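Undergrad: The structure under discussion is supplied below as C-alpha coordinates; questions concerning it will follow.
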Amino acid sequence: MANSPKEVCSFCGRKRNEVNILLKGLYGMICDECAKQAYLVVNDAINTTTSEIPNYKSVPKPQEIKAFLDQYVIGQDYAKICLSVAVYNHYKRLSQSQDDNSVEIDKSNIIMVGATGTGKTLLARSIAKMLQVPFTIVDATVFTEAGYVGEDVESILSRLLQEANYDVSQAQRGIVFIDEIDKITRKQDNPSLTKDVGGEGVQQSLLKLLEGSIVNVPPKGGRKHPEQDFVKVDTRQILFICGGAFDGIERNIAQRLNTHVIGFDSVTKKSRVDKNNLMQYIQPQDLKSYGLIPEMIGRLPVLCALDPLDREALRKILFEPKNSIVKQYTKLLEMDGIKLSFDDSALELIVDKALECKLGARGLRSIMESIMTNAMFTLPSSAKRTFVVTEKYAREHLKSVIL
(Lines give C-alpha, C1' and ligand atoms only; values in the text may rest on other atoms or scores of the structure.)
Protein backbone atom coordinates (compact mmCIF):
# COMPACT_ATOMS: atom_id res chain seq x y z
CA MET A 1 0.00 0.00 0.00
CA ALA A 2 1.41 3.35 -1.03
CA ASN A 3 2.10 5.94 1.64
CA SER A 4 -0.38 8.76 1.84
CA PRO A 5 1.24 12.11 1.07
CA LYS A 6 -0.02 13.32 4.45
CA GLU A 7 1.57 10.43 6.38
CA VAL A 8 4.68 12.38 7.36
CA CYS A 9 5.96 13.61 10.71
CA SER A 10 4.69 17.12 11.36
CA PHE A 11 8.00 17.96 13.13
CA CYS A 12 10.81 16.52 11.00
CA GLY A 13 8.95 15.78 7.74
CA ARG A 14 10.08 12.14 7.46
CA LYS A 15 7.72 9.63 5.80
CA ARG A 16 6.27 6.51 7.39
CA ASN A 17 8.78 4.17 5.71
CA GLU A 18 11.67 6.26 7.07
CA VAL A 19 10.75 5.87 10.75
CA ASN A 20 9.85 3.03 13.12
CA ILE A 21 6.59 4.43 14.45
CA LEU A 22 4.40 7.29 13.26
CA LEU A 23 1.79 8.40 15.79
CA LYS A 24 -1.31 10.13 14.49
CA GLY A 25 -2.96 12.96 16.38
CA LEU A 26 -5.90 15.27 15.86
CA TYR A 27 -3.87 17.93 14.06
CA GLY A 28 -0.86 16.01 12.75
CA MET A 29 1.59 13.16 13.21
CA ILE A 30 4.83 12.61 15.14
CA CYS A 31 7.52 9.97 14.65
CA ASP A 32 9.25 8.01 17.44
CA GLU A 33 12.50 10.01 17.17
CA CYS A 34 10.73 13.35 17.56
CA ALA A 35 8.71 11.91 20.45
CA LYS A 36 11.95 10.95 22.22
CA GLN A 37 13.38 14.44 21.69
CA ALA A 38 10.17 16.01 22.94
CA TYR A 39 10.31 13.86 26.07
CA LEU A 40 13.90 14.93 26.80
CA VAL A 41 13.06 18.61 26.32
CA VAL A 42 9.98 18.44 28.57
CA ASN A 43 11.80 16.37 31.22
CA ASP A 44 14.71 18.83 31.27
CA ALA A 45 12.30 21.74 31.64
CA ILE A 46 10.51 20.02 34.52
CA ASN A 47 13.79 19.26 36.32
CA THR A 48 14.93 22.85 35.89
CA THR A 49 11.82 24.25 37.48
CA THR A 50 11.46 21.66 40.23
CA SER A 51 15.12 21.25 41.21
CA GLU A 52 15.03 24.23 43.49
CA ILE A 53 16.40 23.90 46.99
CA PRO A 54 13.63 22.75 49.35
CA ASN A 55 12.26 25.17 51.86
CA TYR A 56 14.49 25.40 54.90
CA LYS A 57 11.61 24.26 57.13
CA SER A 58 11.93 20.78 55.58
CA VAL A 59 15.70 20.72 56.13
CA PRO A 60 17.08 19.02 59.28
CA LYS A 61 17.61 21.46 62.13
CA PRO A 62 21.16 22.10 63.43
CA GLN A 63 20.70 19.67 66.34
CA GLU A 64 19.53 16.97 63.92
CA ILE A 65 22.54 17.60 61.67
CA LYS A 66 24.86 17.29 64.67
CA ALA A 67 23.14 14.07 65.74
CA PHE A 68 23.84 12.65 62.26
CA LEU A 69 27.52 13.66 62.52
CA ASP A 70 27.73 11.99 65.96
CA GLN A 71 27.20 8.64 64.22
CA TYR A 72 30.47 9.01 62.31
CA VAL A 73 32.71 11.38 64.32
CA ILE A 74 33.65 11.02 67.99
CA GLY A 75 33.94 14.23 70.02
CA GLN A 76 34.61 17.59 68.31
CA ASP A 77 31.29 18.99 69.52
CA TYR A 78 32.21 22.61 68.80
CA ALA A 79 33.26 21.81 65.22
CA LYS A 80 30.03 19.87 64.66
CA ILE A 81 27.98 22.79 65.98
CA CYS A 82 29.80 25.24 63.68
CA LEU A 83 29.23 23.02 60.65
CA SER A 84 25.59 22.31 61.52
CA VAL A 85 24.75 25.99 61.94
CA ALA A 86 26.64 26.97 58.77
CA VAL A 87 24.89 24.34 56.64
CA TYR A 88 21.45 25.16 58.07
CA ASN A 89 21.95 28.90 57.51
CA HIS A 90 23.16 28.11 53.99
CA TYR A 91 19.82 26.43 53.24
CA LYS A 92 17.96 29.42 54.67
CA ARG A 93 19.96 31.80 52.50
CA LEU A 94 19.07 29.74 49.45
CA SER A 95 15.40 29.72 50.44
CA GLN A 96 15.24 33.49 50.80
CA SER A 97 12.94 34.98 48.20
CA GLN A 98 14.62 37.11 45.56
CA ASP A 99 11.88 39.66 46.09
CA ASP A 100 12.81 39.98 49.77
CA ASN A 101 15.10 43.01 49.78
CA SER A 102 14.66 43.89 53.45
CA VAL A 103 17.79 42.08 54.69
CA GLU A 104 20.45 40.46 52.53
CA ILE A 105 21.98 37.49 54.36
CA ASP A 106 25.71 37.07 53.81
CA LYS A 107 27.36 33.65 53.79
CA SER A 108 29.72 32.72 56.60
CA ASN A 109 32.62 30.71 55.20
CA ILE A 110 34.36 28.47 57.74
CA ILE A 111 37.99 27.57 58.42
CA MET A 112 38.63 24.48 60.57
CA VAL A 113 42.01 24.14 62.27
CA GLY A 114 43.19 20.95 63.94
CA ALA A 115 46.04 18.47 64.09
CA THR A 116 46.21 15.62 61.63
CA GLY A 117 43.82 12.78 62.37
CA THR A 118 41.35 14.84 64.43
CA GLY A 119 38.51 14.47 61.91
CA LYS A 120 38.42 17.54 59.62
CA THR A 121 38.03 15.62 56.36
CA LEU A 122 35.81 13.00 58.01
CA LEU A 123 33.43 15.74 59.15
CA ALA A 124 33.23 17.02 55.59
CA ARG A 125 32.65 13.57 54.09
CA SER A 126 30.04 12.71 56.71
CA ILE A 127 28.02 15.87 56.24
CA ALA A 128 28.11 15.37 52.46
CA LYS A 129 26.09 12.17 52.92
CA MET A 130 23.01 14.04 54.13
CA LEU A 131 23.12 17.21 52.03
CA GLN A 132 20.59 18.06 49.36
CA VAL A 133 22.94 20.42 47.55
CA PRO A 134 26.02 19.63 45.41
CA PHE A 135 29.08 19.04 47.61
CA THR A 136 32.71 18.55 46.62
CA ILE A 137 36.02 18.11 48.44
CA VAL A 138 39.18 19.50 46.83
CA ASP A 139 42.83 19.54 47.88
CA ALA A 140 44.57 22.90 47.98
CA THR A 141 48.03 21.42 47.42
CA VAL A 142 47.48 20.98 43.67
CA PHE A 143 46.74 24.64 42.96
CA THR A 144 49.23 27.14 41.57
CA GLU A 145 48.99 30.67 40.30
CA ALA A 146 47.60 30.96 36.76
CA GLY A 147 50.24 30.32 34.11
CA TYR A 148 52.32 27.84 36.13
CA VAL A 149 52.42 24.03 36.28
CA GLY A 150 49.51 22.78 38.39
CA GLU A 151 45.78 23.45 38.52
CA ASP A 152 44.03 26.80 38.48
CA VAL A 153 41.69 27.59 41.36
CA GLU A 154 38.79 27.67 38.88
CA SER A 155 39.04 23.87 38.71
CA ILE A 156 37.34 23.87 42.15
CA LEU A 157 34.17 25.01 40.44
CA SER A 158 34.72 22.50 37.62
CA ARG A 159 34.43 19.69 40.16
CA LEU A 160 31.37 21.30 41.71
CA LEU A 161 29.79 21.45 38.24
CA GLN A 162 30.46 17.74 37.78
CA GLU A 163 28.76 16.98 41.11
CA ALA A 164 25.75 19.02 39.93
CA ASN A 165 25.62 17.15 36.58
CA TYR A 166 26.65 20.39 34.87
CA ASP A 167 23.53 22.18 36.11
CA VAL A 168 24.90 25.69 36.69
CA SER A 169 21.93 26.81 38.80
CA GLN A 170 22.47 23.88 41.18
CA ALA A 171 26.24 24.31 41.29
CA GLN A 172 25.77 27.94 42.30
CA ARG A 173 23.99 26.72 45.46
CA GLY A 174 26.59 24.12 46.45
CA ILE A 175 29.15 23.67 49.22
CA VAL A 176 32.92 23.30 48.69
CA PHE A 177 35.36 21.84 51.23
CA ILE A 178 38.96 22.94 50.56
CA ASP A 179 41.32 20.59 52.41
CA GLU A 180 44.98 21.26 53.28
CA ILE A 181 44.46 25.02 53.19
CA ASP A 182 47.59 25.45 55.33
CA LYS A 183 49.76 24.18 52.47
CA ILE A 184 49.22 27.41 50.50
CA THR A 185 50.39 29.75 53.25
CA ARG A 186 52.84 32.50 52.43
CA LYS A 187 56.49 31.50 52.78
CA GLN A 188 57.79 33.60 55.67
CA ASP A 189 61.00 35.60 55.30
CA ASN A 190 61.59 34.20 51.84
CA PRO A 191 64.80 35.78 50.47
CA SER A 192 64.22 34.37 46.99
CA LEU A 193 63.31 36.75 44.20
CA THR A 194 61.05 34.18 42.54
CA LYS A 195 57.28 34.41 42.86
CA ASP A 196 55.45 32.41 45.51
CA VAL A 197 53.22 30.74 42.90
CA GLY A 198 51.97 27.96 45.17
CA GLY A 199 51.37 30.02 48.31
CA GLU A 200 50.37 33.67 48.38
CA GLY A 201 49.57 33.61 44.66
CA VAL A 202 46.97 30.87 45.20
CA GLN A 203 45.48 32.72 48.17
CA GLN A 204 45.01 35.84 46.06
CA SER A 205 43.36 33.77 43.33
CA LEU A 206 40.97 32.27 45.87
CA LEU A 207 39.80 35.66 47.13
CA LYS A 208 37.33 36.26 44.30
CA LEU A 209 35.81 32.79 44.77
CA LEU A 210 35.38 33.16 48.53
CA GLU A 211 33.97 36.68 48.37
CA GLY A 212 31.54 36.01 45.55
CA SER A 213 31.94 36.90 41.90
CA ILE A 214 31.13 35.63 38.42
CA VAL A 215 33.90 33.27 37.33
CA ASN A 216 34.62 31.76 33.91
CA VAL A 217 34.87 28.03 34.57
CA PRO A 218 36.15 25.36 32.15
CA PRO A 219 33.63 22.50 32.58
CA LYS A 220 36.19 19.72 31.90
CA GLY A 221 39.09 21.30 33.77
CA GLY A 222 41.32 24.04 32.49
CA ARG A 223 44.58 23.24 30.79
CA LYS A 224 43.94 19.82 29.25
CA HIS A 225 41.02 21.05 27.14
CA PRO A 226 41.91 24.57 25.97
CA GLU A 227 39.36 24.45 23.13
CA GLN A 228 36.27 24.19 25.37
CA ASP A 229 33.85 27.03 26.02
CA PHE A 230 33.76 28.62 29.45
CA VAL A 231 30.72 28.51 31.75
CA LYS A 232 29.92 31.51 33.92
CA VAL A 233 29.38 30.55 37.58
CA ASP A 234 28.28 33.00 40.28
CA THR A 235 29.99 32.09 43.59
CA ARG A 236 27.98 34.44 45.83
CA GLN A 237 25.72 31.58 46.98
CA ILE A 238 28.44 28.91 47.29
CA LEU A 239 29.50 28.10 50.86
CA PHE A 240 33.22 27.45 51.32
CA ILE A 241 34.60 25.37 54.21
CA CYS A 242 38.39 25.21 54.58
CA GLY A 243 40.42 22.81 56.71
CA GLY A 244 44.07 22.52 57.61
CA ALA A 245 46.41 21.09 60.25
CA PHE A 246 48.56 24.25 60.52
CA ASP A 247 51.38 22.22 62.03
CA GLY A 248 53.43 24.30 64.47
CA ILE A 249 50.87 27.09 64.90
CA GLU A 250 50.82 26.29 68.64
CA ARG A 251 54.14 28.15 68.91
CA ASN A 252 52.49 31.31 67.58
CA ILE A 253 49.58 30.88 69.99
CA ALA A 254 51.90 30.31 72.96
CA GLN A 255 53.97 33.34 72.06
CA ARG A 256 50.86 35.53 71.83
CA LEU A 257 49.48 34.25 75.13
CA ASN A 258 52.76 34.91 76.93
CA THR A 259 52.95 38.39 75.42
CA HIS A 260 49.47 39.33 76.52
CA VAL A 261 49.73 37.91 80.04
CA ILE A 262 50.77 41.08 81.87
CA GLY A 263 49.48 43.01 84.86
CA PHE A 264 48.59 42.13 88.43
CA ASP A 265 46.58 39.04 87.52
CA SER A 266 49.13 37.72 85.01
CA VAL A 267 49.99 34.68 87.15
CA THR A 268 46.31 33.74 87.44
CA LYS A 269 45.76 34.06 83.68
CA LYS A 270 48.85 32.05 82.90
CA SER A 271 47.71 29.23 85.20
CA ARG A 272 44.38 29.05 83.36
CA VAL A 273 46.03 28.27 80.02
CA ASP A 274 45.73 24.60 79.03
CA LYS A 275 49.17 23.87 77.63
CA ASN A 276 48.01 20.49 76.30
CA ASN A 277 45.41 22.10 74.04
CA LEU A 278 46.70 25.47 72.88
CA MET A 279 44.69 25.17 69.67
CA GLN A 280 41.50 26.16 71.52
CA TYR A 281 42.92 29.68 72.00
CA ILE A 282 43.54 30.28 68.29
CA GLN A 283 42.76 33.73 66.94
CA PRO A 284 42.80 35.21 63.40
CA GLN A 285 46.13 36.94 64.12
CA ASP A 286 47.70 33.50 64.66
CA LEU A 287 46.65 32.49 61.14
CA LYS A 288 48.16 35.72 59.83
CA SER A 289 51.48 35.06 61.53
CA TYR A 290 51.41 31.51 60.13
CA GLY A 291 51.16 32.77 56.56
CA LEU A 292 47.53 33.40 55.56
CA ILE A 293 47.07 36.85 54.04
CA PRO A 294 44.65 39.20 55.89
CA GLU A 295 42.28 39.35 52.90
CA MET A 296 41.94 35.54 53.02
CA ILE A 297 41.28 35.51 56.77
CA GLY A 298 38.62 38.21 56.40
CA ARG A 299 36.71 36.03 53.93
CA LEU A 300 36.69 33.10 56.39
CA PRO A 301 34.92 34.72 59.35
CA VAL A 302 34.08 31.52 61.29
CA LEU A 303 37.23 30.12 62.91
CA CYS A 304 36.74 26.65 64.37
CA ALA A 305 39.43 24.74 66.29
CA LEU A 306 39.30 20.95 66.66
CA ASP A 307 40.33 19.35 69.95
CA PRO A 308 43.24 16.90 70.09
CA LEU A 309 42.17 13.30 70.61
CA ASP A 310 42.78 11.93 74.10
CA ARG A 311 42.85 8.30 75.25
CA GLU A 312 39.09 8.05 75.79
CA ALA A 313 38.30 9.51 72.35
CA LEU A 314 40.74 7.20 70.59
CA ARG A 315 39.24 4.16 72.31
CA LYS A 316 35.73 5.19 71.27
CA ILE A 317 36.90 5.76 67.68
CA LEU A 318 37.99 2.12 67.55
CA PHE A 319 34.49 0.66 67.86
CA GLU A 320 31.72 3.27 68.40
CA PRO A 321 31.27 5.11 65.04
CA LYS A 322 29.05 3.67 62.35
CA ASN A 323 32.10 2.87 60.20
CA SER A 324 34.62 2.25 63.00
CA ILE A 325 37.85 0.36 62.33
CA VAL A 326 36.85 -2.65 64.45
CA LYS A 327 33.46 -2.89 62.72
CA GLN A 328 35.17 -2.79 59.32
CA TYR A 329 37.51 -5.70 60.13
CA THR A 330 34.67 -7.61 61.78
CA LYS A 331 32.59 -7.22 58.61
CA LEU A 332 35.48 -8.25 56.35
CA LEU A 333 36.02 -11.53 58.22
CA GLU A 334 32.29 -12.06 58.64
CA MET A 335 32.05 -12.21 54.85
CA ASP A 336 34.36 -15.24 55.08
CA GLY A 337 32.23 -16.79 57.83
CA ILE A 338 34.72 -15.92 60.59
CA LYS A 339 33.73 -14.22 63.86
CA LEU A 340 36.31 -11.64 65.00
CA SER A 341 36.66 -10.21 68.52
CA PHE A 342 39.20 -8.15 70.48
CA ASP A 343 40.30 -8.40 74.10
CA ASP A 344 40.09 -5.18 76.09
CA SER A 345 43.82 -5.37 76.81
CA ALA A 346 44.53 -5.52 73.07
CA LEU A 347 42.42 -2.40 72.47
CA GLU A 348 44.26 -0.59 75.27
CA LEU A 349 47.59 -1.49 73.64
CA ILE A 350 46.41 -0.11 70.28
CA VAL A 351 45.34 3.14 71.94
CA ASP A 352 48.70 3.44 73.75
CA LYS A 353 50.62 3.02 70.51
CA ALA A 354 48.38 5.58 68.76
CA LEU A 355 49.10 8.12 71.51
CA GLU A 356 52.84 7.48 71.09
CA CYS A 357 52.90 8.09 67.33
CA LYS A 358 50.66 11.22 67.65
CA LEU A 359 48.80 10.64 64.38
CA GLY A 360 45.28 10.71 65.77
CA ALA A 361 42.69 8.43 64.20
CA ARG A 362 45.01 7.75 61.24
CA GLY A 363 47.50 6.24 63.68
CA LEU A 364 44.83 3.80 64.85
CA ARG A 365 44.31 2.63 61.29
CA SER A 366 48.05 2.10 60.71
CA ILE A 367 48.45 0.11 63.92
CA MET A 368 45.38 -2.02 63.22
CA GLU A 369 46.66 -2.78 59.71
CA SER A 370 49.98 -3.93 61.18
CA ILE A 371 48.26 -6.24 63.66
CA MET A 372 45.64 -7.69 61.30
CA THR A 373 47.59 -8.11 58.05
CA ASN A 374 48.85 -11.63 58.83
CA ALA A 375 45.46 -12.76 60.14
CA MET A 376 43.68 -11.37 57.09
CA PHE A 377 46.13 -13.34 54.93
CA THR A 378 45.82 -16.74 56.65
CA LEU A 379 42.29 -16.90 58.10
CA PRO A 380 40.28 -17.06 54.81
CA SER A 381 42.15 -20.28 53.87
CA SER A 382 41.97 -21.87 57.33
CA ALA A 383 39.24 -23.89 59.01
CA LYS A 384 38.92 -21.46 61.93
CA ARG A 385 35.50 -19.92 62.40
CA THR A 386 36.42 -17.66 65.34
CA PHE A 387 39.44 -15.47 65.97
CA VAL A 388 40.30 -13.43 69.07
CA VAL A 389 42.96 -10.70 69.00
CA THR A 390 44.73 -10.84 72.36
CA GLU A 391 47.29 -8.45 73.80
CA LYS A 392 50.03 -11.07 73.27
CA TYR A 393 49.10 -11.49 69.61
CA ALA A 394 49.01 -7.72 69.10
CA ARG A 395 52.44 -7.20 70.71
CA GLU A 396 54.02 -9.96 68.59
CA HIS A 397 52.82 -8.35 65.38
CA LEU A 398 53.86 -4.86 66.46
CA LYS A 399 57.47 -5.79 67.28
CA SER A 400 58.70 -5.47 63.72
CA VAL A 401 56.71 -2.31 63.00
CA ILE A 402 58.45 1.04 63.31
CA LEU A 403 55.85 3.63 64.31
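Undergrad: Which order do the peptides 156-164, 341-349 come out in when sorted by mean C-beta neighbours inside 10 angstrom, highest first?
TA: By packing density, highest mean first, the sequence is 156-164, 341-349.
Undergrad: Using +1 at the C-beta of Lys and Arg and -1 at the C-beta of Asp and Glu, which of Ser102, Val87, Ile74 has the Cα lying farthest in the positive direction of the dipole of the stretch 61-104?
TA: Of the listed residues, the answer is Ile74.
Undergrad: On a full-extension model of 0.36 nm per residue, what is the gain between Asp310 and Gln204, subtracting their alpha-carbon distance, rounded to one decimal in nm?
TA: Length gained between Asp310 and Gln204: 34.5 nm.
Undergrad: I'd like to check one number: the per residue accessible area of the stretch 271-319, probe 1.4 Å, reported in Å² as a whole number.
TA: 52
Undergrad: Continuing with the same structure: For Asn258 and Ser95 in one chain, what is 0.36 nm times their gap in residues minus the Cα-Cα distance, to one decimal in nm?
TA: 54.1 nm is the gain from fully extending Asn258 to Ser95.
Undergrad: Using 7 Å Cα-to-Cβ label points, what is the Ser108/Gln280 separation (nm, one decimal)?
TA: The modelled label-to-label distance comes out at 2.1 nm.
Undergrad: In the stretch 288-394, carbon and sulfur make up what percent of the accessible area (probe 1.4 Å)?
TA: That fraction is 54 percent.
Undergrad: Which entries in the list Lys327/Lys384; Lys129/Lys384; Lys80/Lys232 go over 29 Å, if you measure between the two C-alpha atoms of each?
TA: Pairs exceeding the cut-off: Lys129/Lys384; Lys80/Lys232.
Undergrad: Now for a separate question. Once R0 is set to 60 Å, what does the formula 1/(1 + (r/R0)^6) return for the Cβ-Cβ distance between Lys339 and Phe11, expressed as a FRET efficiency to the nearest 0.05?
TA: Once the sixth-power term is evaluated, E becomes 0.40.
Undergrad: Measuring from label point to label point, each 7 Å out along Cα→Cβ, what is the Phe319 to Lys129 span in nm?
TA: Those two pseudo-labels are separated by 2.0 nm.
Undergrad: Just to verify a number: FRET efficiency for Lys392 and Gln71, C-beta to C-beta distance, R0 = 30 Å, to 0.05?
TA: The computed FRET efficiency comes out at 0.35.
The values are calculated or read from the model by the stated rules, or taken from the named source; none is laboratory data. This is a predicted model, so every value here is computed, not measured. Heads up, the Cβs are rebuilt from the backbone with ideal geometry, glycines too, and the neighbour counts pull from every protein chain shown. Remember, those area values only see protein heavy atoms, side chains included, never the ligands or the DNA or RNA. Shrake-Rupley method; radii C 1.70, N 1.55, O 1.52, S 1.80 Å.
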